[in-house]
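Here's the structure we're looking at; comments come further down.
The values are calculated or read from the model by the stated rules, or taken from the named source; none is laboratory data. As the structure is a computational prediction, the values presented were derived from the model and not from experiment. We place every Cβ from the backbone using ideal geometry, glycine too, and count neighbours over all the protein chains shown. Heads up: the accessible areas ignore ligands, DNA and RNA and are worked out on the full protein's heavy atoms, side chains in. Shrake-Rupley method; radii C 1.70, N 1.55, O 1.52, S 1.80 Å.
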Amino acid sequence: MPAGKVLQPVLKMKVDELFLCWLSQPATQLALKDCLRSIKNEEKTEVVNGDSGNSKNERLTTKNSNSKQSILGDIRLPLMSFNPPHLSTALPLATSTSPRNISNIRGIRRSSGTRIVQTKKEEPLPPSLSQTIPTFYFPRGCPKEKVNIDAVITKIERTFSQFPNERATLEDMGKVAKACECPLYWKGPLFYCAGGERTGYVSVHKFVAMWRKILQTCYDDAAKFVHLLMNPGCNYLVQEDFIPFLQDVVNSHPGLSFLKEASEFHSRYITTVIQRIFYTVNRSWSGKITCNELRKSNFLQNVALLEEEADINQLTEYFSYEHFYVIYCKFWELDTDHDLYIDRKDLARHNDHAISNRMIERIFSGAVTRGRKAQKDGKISYADFVWFLISEEDKKTPTSIEYWFRCMDLDGDGALSMYELEYFYEEQCQKLDNMAIEPLPFEDCLCQMLDLVKPQYEGKITLHDLKKCKLTNVFFDTFFNIEKYLDHEQKDQYSVLRDGEGESQEISDWEKYAAEEYDILVAEEAASDQWNDGYEAELNPVDHQKANVLKYQMEKRPFFEMPSHLADVDLDEYDYEEDFE
């Protein structure tokens with residue numbers, strides 16, 4: 001290029017390129033077809049005059065003008081000029097006709113004689129369906145019409161005025177949570193979402209700006225709670241998001257006051273609660289709790305009950321310390337090297353080798369475990385063990401049914417075939433032979449199980465079939481738990497059916513198991529600690545029991561890791577790329 005010469009764009013080429021791009025779009029072609037169809041069906045006007053030439057010219061001019069106006073009126077084109085083949089290059093697209101043509105048409109109309117107008121009636125088009133369907137999808141909750149945001153903000157500002165310099169610490173956030181009309185134990189998430197973790201306090205201006213934004217965008221408790229805990233840019237909760245919230249519960253709930261001097265327990269307790277939350281709430285198995293999943297669960301109701309219930313053990317679904325103690329003791333018995341991971345041999349010792357080896361192989365295959373450590377090193381973490389133990393002791397819940405179905409579905413086709421059932425039953429027969437018990441032939445066992453489940457399709461059992469069955473525990477135990485299988489066989493058939501029909505029972509199988517195991521552990525501890533009776537007699541029964549449990553755990557299980565800031569839970573690096581149901 002010669003020096004000093006400036007590049008200049010060729011506008012016509014660019015305009016033609018944009019026009020062809022626009023014209024080739026499917027939406028544009030559909031719009032043009034609709035316009036042509038409307039032109040064909042529009043009102044046709046015929047003007048009859050003695051001068052046939054003038055009449056013909058008028059009809060042609062009027063028709064061309066109406067056609068151009070129809071196209072220009074119905075289609076929103078970009079602000080550019082282009083040259084259609086049938087138009088003159090001097091005629092812009094936005095001009096329907098030249099002024100000279102307009103004056104000619106007016107002259108023709110003034111000189112014309114009597115006009116006869118023939119009209120073709122156009123059928124009315126039905127109204128668009130999108131105009132009649134109301135909005136029904138509210139991912140952040142249905143908006144409430146009668147929410148006075150200014151009144152809520154005024155109440156919050158009045159509460160902050162009680163604090164020095166209008167700054168609230170974490171201890172003050174209980175009053176702020178009540179001013180926000182939230183449960184008491186939302187105080188931690190409110191504090192951290194407003195930036196209190198960095199400075200140690202929250203100013204009134206920063207908190208008001210944060211809460212006003214939440215009120216304007218989140219319309220129910222589930223959406224607000226997710227917004228408070230989630231990381232920026234996300235619309236879901238992962239396991240680490242719950243750590244600050246649960247650490248505040250541990251530090252401030254009266255039912256956990258005995259743990260203040262035993263910080264070694266904090267991270268293990270928090271890990272257990274997090275796993276129980278995801279076990280119950282995360283129905284998609286994605287490792288990410290959405291607003292919809294939280295809305296459908298009872299977790300927020302249990303969070304509200306933390307304020308009303310002083311005994312944490314009464315909240316058995318998520319927060320019970322006794323349940324945590326049972327789970328952790330069971331894990332510690334299997335974890336012989338105390339590295340907080342167990343391998344196949346360790347898990348095989350659970351409940352005196354009751355679980356079949358083939359099922360243990362399936363558990364370590366990654367079908368129900370998170371992360372890749374089970375595949376790489378052949379070990380599962382404490383978090384994975386929480387899922388295993390709850391599923392093993394209560395096989396009637398939706399999550400436990402999905403857990404064991406995933407393990408038994410060897411080929412991953414979404415159905416249990418007769419081959420897969422026989423594969424697991426073979427080891428059960430071998431164990432029965434070793435116990436000098438004659439096993440039931442597989443064909444007979446299969447008939448019993450099919451009568452029990454009543455599958456919808458012949459030759460396979462789906463997850464839907466098992467969820468409809470009331471005796472899924474009997475089905476699963478038959479194929480991989482020899483101890484419970486023998487227990488079912490020894491029971492009266494009517495008693496088994498009666499247990500399956502008792503859906504209205506107030507206590508679940510897991511709660512029964514946890515209560516029994518906790519009593520056994522407390523009894524063992526009491527028998528081994530007779531030397532401290534004088535001190536224990538001064539405590540009330542509840543504190544007496546908790547002190548025993550704590551002391552027993554500290555003395556019999558001395559290996560713990562000190563937690564870092566906010567009880568840095570020893571969680572695995574979970575991999576959520578699997579397509580969970």
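Computed quantities for the displayed model
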{"item": "Test: residue in segment 42-63 that is at pLDDT 80 or above, open to solvent by less than 80 Å² (accessible area, probe 1.4 Å) and of a type outside the set (S, T, N, Q)", "result": "no"}
{"item": "Of all residues making up segment 188-234, the number that are farther than 22 Å from ASN292 by Cα, over 23 Å from the mean Cα position of the chain (by Cα) and surrounded by 15 or more Cβ atoms within 10 Å (Cβ to Cβ)", "result": "13"}
{"item": "Of the criteria (1) under 34 Å from the mean Cα position of the chain (by Cα); (2) open to solvent by less than 60 Å² (accessible area, probe 1.4 Å), which one LYS468 fails", "result": "(2)"}
{"item": "Among the residues listed as LYS470, LYS460, the single one being touching an Asp or Glu at 6+ places or on another chain (Cβ under 7 Å) and basic (Lys, Arg)", "result": "LYS470"}
{"item": "Identity of the residue in segment 269-315, in a helix (DSSP H, G or I) and without any contact (Cβ under 8 Å) to a residue 12 or more places away in the chain, that ends up nearest to the chain's Cα centre (by Cα)", "result": "GLN301"}
{"item": "Single residue of segment 360-393 satisfying the filter (in a loop (DSSP other than H, G, I, E, B) and in contact with a strand residue (DSSP E or B) (Cβ under 9 Å, 6 or more places away or on another chain)) that is modelled with the highest pLDDT", "result": "PHE364"}
{"item": "Residue that is nearest to the chain's Cα centre (by Cα), among those in segment 381-393 that are under 20 Å from GLU293 (Cβ atoms) and open to solvent by 10 Å² or more (accessible area, probe 1.4 Å)", "result": "TRP387"}
{"item": "Residues of segment 360-374 that turn out to be surrounded by fewer than 15 Cβ atoms within 10 Å (Cβ to Cβ) and in contact (Cβ under 8 Å) with a residue 60 or more places away in the chain, as a count", "result": "1"}
{"item": "Pairs, first hydrophobic (A, V, I, L, M, F, W, C) in segment 505-518, second assigned to a helix (DSSP H, G or I), C-beta under 7 Å, six or more apart", "result": "TRP510/ILE390; TRP510/GLU393; ALA514/GLU322; ALA514/HIS323; ALA514/VAL326"}
{"item": "Residue count, segment 316-328 (criterion: among the aromatic types (Phe, Trp, Tyr) and in a helix (DSSP H, G or I))", "result": "4"}
{"item": "Pick from segment 394-429, criterion in a helix (DSSP H, G or I) and of a type in the set (Ser, Thr, Tyr), ranking: nearest to the chain's Cα centre (by Cα)", "result": "THR399"}
{"item": "Residue match in segment 446-461 (condition: under 36 Å from the mean Cα position of the chain (by Cα), in a helix (DSSP H, G or I) and in contact (Cβ under 8 Å) with a residue 60 or more places away in the chain)", "result": "no"}
{"item": "Tally, over segment 293-340, of residues that are surrounded by 15 or more Cβ atoms within 10 Å (Cβ to Cβ) and among the polar types (S, T, N, Q)", "result": "5"}
{"item": "From LYS175, LYS206, residue being more than 22 Å from ASN251 (Cβ to Cβ), of a type outside the set (S, T, N, Q) and in a helix (DSSP H, G or I)", "result": "LYS206"}
{"item": "Residue that is least open to solvent (accessible area, probe 1.4 Å), among those in segment 155-172 that are part of a loop (DSSP other than H, G, I, E, B) and not small (Gly, Ala, Ser)", "result": "PHE163"}
{"item": "Residue within segment 273-280 that is within 28 Å of GLY371 (Cβ to Cβ), open to solvent by 20 Å² or more (accessible area, probe 1.4 Å) and in contact with a Ser or Thr (Cβ under 7 Å, 6 or more places away or on another chain) present", "result": "yes"}
{"item": "Subset tally (residues that are in contact with a Lys or Arg (Cβ under 8 Å, 6 or more places away or on another chain) and within 24 Å of VAL281 (Cα to Cα)) for segment 191-226", "result": "7"}
{"item": "Residue satisfying all of: in segment 430-442; part of a helix (DSSP H, G or I) and more than 18 Å from ALA348 (Cα to Cα); most open to solvent (accessible area, probe 1.4 Å) among these", "result": "ASP433"}
{"item": "Residue list for segment 253-268, restricted to those being more than 20 Å from ASN298 (Cα to Cα), open to solvent by less than 10 Å² (accessible area, probe 1.4 Å) and either touching a Leu at 6+ places or on another chain (Cβ under 7 Å) or not in a helix (DSSP H, G or I) (or both)", "result": "ALA262, PHE265"}
{"item": "Qualifying positions in segment 235-245 - touching a residue at least 40 places away in the same chain (Cβ under 8 Å) and open to solvent by less than 10 Å² (accessible area, probe 1.4 Å)", "result": "LEU237, GLN239, PHE245"}
{"item": "Residues being under 17 Å from CYS429 (Cα atoms), outside any loop (DSSP other than H, G, I, E, B) and open to solvent by less than 10 Å² (accessible area, probe 1.4 Å) - total across segment 341-359", "result": "2"}
